[in-house]
Every structure is written in C-alpha cells, then in structure tokens.
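Beneath this line is the structure, given in structure tokens, with notes to follow.
Just so it is clear, none of the values below were taken in a lab; they were calculated from the coordinates. Keep in mind that what you see is a predicted model, and the values were worked out from it rather than measured. Neighbour counts are summed over all protein chains in view; Cβ atoms, including those assigned to glycine, are modelled from backbone coordinates with ideal geometry.
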Ligand SMILES: C[S@@+](CC[C@H](N)C(=O)[O-])C[C@H]1O[C@@H](n2cnc3c(N)ncnc32)[C@H](O)[C@@H]1O
C-alpha cells in the first residue's frame with residue numbers, strides 16, 4: 001500500500017520534468033523581494049507560472065493583488081487551492097500547463113523555473129503580454145535581455 005502511494009507521488013512529481021522545472025519552493029525572503037520589485041497596485045494582476053504549494057500566491061493576495069497560478073502537479077494545485085482559500089476572491093489556481101496559458105491579462109509574472117526554459121518563456125512573454133508587463137524570475141536569467149533590477153537572486157525584466 002505504502003509502495004503504491006510512493007509510486008503515485010513519484011509519478012506526480014516526476015512527470016512534470018517533461019514540461020518544466022521540478023517542485024522546489026521559493027523562500028519567503030526571495031518571494032517578498034520579487035513582490036516588492038514588481039510593486040503592483042492593489043487590484044492589479046500577477047501570474048505565477050508553476051505556482052507550487054501556493055505560498056507566493058498567498059503572499060501576493062495579502063498585498064491586495066489579483067493572482068492567477070498555473071500548476072501542472074494536481075496534488076500541489078490542490079494544496080495551493082486550500083492554502084489560498086481565505087483569499088479565494090483574488091486567487092485563481094489553474095491545474096494545467098502554463099505554456100498554454102494566455103498571459104495577456106497579466107500586469108506582472110513571477111517564475112522560478114530552470115535555465116533551459118528561459119528563452120522559451122522570453123518568446124512567450126514577447127508574443128502575449130501587454131507593453132510594460134514585468135517579469136520577476138528567481139535564480140534564472142533571460143538570455144541577452146537587459147535586467148531592469150536585480151536583488152536577492154530575483155531578476156526583474158520589463159516587456
Ligand atoms: C521550482 S518550482 C517553483 C514553485 C513556486 N513557484 C515557488 O516559487 O515556490 C516549479 C513549479 O512549477 C511547476 N511546473 C513546472 N512546469 C510546469 C508547467 N509546464 N505548467 C505548470 N506548472 C509547471 C512544478 O510542478 C513546480 O511546482
């Protein structure tokens with residue numbers, strides 16, 4: 001029984017490697033820095049691509065932002081849904097592949113991915129976001145794009 005449970009967990013956390021970065025949560029110091037750097041007004045919209053357990057969604061909602069999180073791992077999406085329930089009027093957790101998300105409504109985007117996805121993300125941002133949308137990326141840079149600000153391992157870009 002425990003074996004079957006472990007296999008299911010391994011599959012849930014392993015299959016994501018086909019689509020993007022594995023689950024590693026952002027520490028509070030870095031997520032707060034990212035939210036400080038994007039500095040949205042209450043009511044503006046932040047997208048988080050790969051929203052994990054929902055900790056960044058919750059922190060963003062506490063600042064009055066509307067937040068949309070895409071998470072491909074159904075277990076993490078469920079945890080995020082429960083964890084952000086108090087802020088359910090502001091937070092939408094989508095269990096799905098963020099490469100299929102439409103980023104047009106975003107005022108800012110937060111990601112913690114891997115180096116090998118940053119060029120693809122850059123193209124997606126260029127094709128979809130409105131002028132002035134901010135991208136805050138923890139740990140990984142967009143190749144050959146000018147960094148608007150950098151602090152605590154967060155790279156901020158303007159599109
Ligand atoms: C490094 S973790 C970051 C989690 C969260 N953003 C944080 O900072 O705490 C990356 C997350 O992205 C999710 N993920 C990876 N590829 C994805 C995809 N194509 N669509 C949706 N979620 C994805 C993973 O399941 C994982 O939870």
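Between residue 104 and residue 119, the simple label model (points 7 Å from Cα in the Cβ direction) yields a spacing of 2.8 nm. Taking 19, 138, 98 as the candidate residues, the one with maximal mean-square fluctuation in a Gaussian network model of the chain, Cα springs under 10 Å, is 19.
Extension gain, residue 75-residue 92: 0.36 nm per intervening residue step, less the Cα-Cα distance, totals 4.6 nm. Over the chain, dividing the summed -39,500 (n - 2.57) contributions of all DSSP H runs of at least 4 residues by the number of residues returns a 222 nm mean residue ellipticity of -10000 deg cm²/dmol. To the nearest ten degrees, helix 2-14 and the longest principal axis of the Cα atoms of the chain are 20 degrees apart.
Any idea what angle helix 74-83 forms with the longest principal axis of the chain, computed on alpha-carbon atoms, 0 to 90 degrees, nearest 10? Helix 74-83 sits roughly 70 degrees off the main axis of the chain.
Comparing 50, 132, 20 in a Gaussian network model of the chain (Cα springs below 10 Å), the most mobile by mean-square fluctuation is 132. Return the single residue from 53, 144, 36 with maximal mean-square fluctuation; model: Gaussian network over the chain, springs between Cα atoms under 10 Å. So, out of 53, 144, 36, the one fluctuating most is 144. Angle between the Cα long axis of helix 118-128 and the longest principal axis of the chain, 0 to 90 degrees, nearest 10? It works out to around 60 degrees. Look at the alpha carbon pairs under 8 Å that are at least 6 residues apart: their mean separation over the length of segment 1-89 gives a relative contact order of 26 percent.
Contact order for the chain, expressed relative to its length and based on alpha carbon pairs under 8 Å spaced 6+ residues apart, stands at 22 percent. A Förster radius of 30 Å combined with the Cβ-Cβ distance from residue 152 to residue 5 puts the calculated FRET efficiency at roughly 0.25.
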